[in-house]
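The values are calculated or read from the model by the stated rules, or taken from the named source; none is laboratory data. Model, not experiment: these values are computed from the prediction. Backbone-built Cβ (ideal geometry, glycine too); neighbour counts: all protein chains shown.
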């Protein structure tokens, strides 16, 4: 299997979550090519940098994760999207998958669940440094 660098964008209104996720992804040779603190910024970042995967929080100002996901699916249907939220009700998980999310991670997240979700979405072997 050919390994390649996976490019990711992180969209979350919490800077600490973005930092933790960025650090974790870099430890696994996943390049964070953009960050956003709301859905509108996420759409712009994804259009500009064309990532392989987007980590998308549900509860954000201006444009929430579900609205962002629906817009992404119209314009970039092949982008892998993993929803992240501390609000992990069955309804939110079902809505995320029904809206086209490729995965769902509960905050606070454990590193293994994040890397497992990336591997499932990207079908690319993720290696630690």
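Go through (1) within 22 Å of residue 112 (Cα to Cα); (2) surrounded by fewer than 19 Cβ atoms within 10 Å (Cβ to Cβ) one by one and return the number of the condition residue 59 breaks.
Going through (1) within 22 Å of residue 112 (Cα to Cα); (2) surrounded by fewer than 19 Cβ atoms within 10 Å (Cβ to Cβ) one by one, residue 59 breaks only (1).
Name every residue in segment 87-129 that is at pLDDT 90 or above, closer than 18 Å to residue 21 by Cα and assigned to a helix (DSSP H, G or I), in order of residue number.
Listed by number, the residues that qualify are 111, 112, 113, 114, 115, 116, 117, 118.
Quick one: which of 52, 102 is touching a residue at least 60 places away in the same chain (Cβ under 8 Å), under 16 Å from residue 9 (Cβ atoms) and surrounded by 14 or more Cβ atoms within 10 Å (Cβ to Cβ)?
52
So, of the residues in segment 55-69 that are modelled with pLDDT under 95 and either out of contact with any strand residue (DSSP E or B) (no Cβ under 9 Å at 6 or more places or on another chain) or part of a strand (DSSP E or B) (or both), which turns out to be nearest to residue 15 (Cα to Cα)?
Looking at residues that are modelled with pLDDT under 95 and either out of contact with any strand residue (DSSP E or B) (no Cβ under 9 Å at 6 or more places or on another chain) or part of a strand (DSSP E or B) (or both), I get 61.
Going through segment 1-41 one residue at a time, which ones are part of a loop (DSSP other than H, G, I, E, B), surrounded by fewer than 18 Cβ atoms within 10 Å (Cβ to Cβ) and in contact (Cβ under 8 Å) with a residue 60 or more places away in the chain?
Of everything in segment 1-41, those that are part of a loop (DSSP other than H, G, I, E, B), surrounded by fewer than 18 Cβ atoms within 10 Å (Cβ to Cβ) and in contact (Cβ under 8 Å) with a residue 60 or more places away in the chain turn out to be 1, 3, 4, 28, 29.
When the residues of segment 84-96 are narrowed to those that are farther than 17 Å from residue 13 by Cα and out of contact with any strand residue (DSSP E or B) (no Cβ under 7 Å at 6 or more places or on another chain), which ends up surrounded by the most Cβ atoms within 10 Å (Cβ to Cβ)?
Taking the candidates together, the pick is 95.
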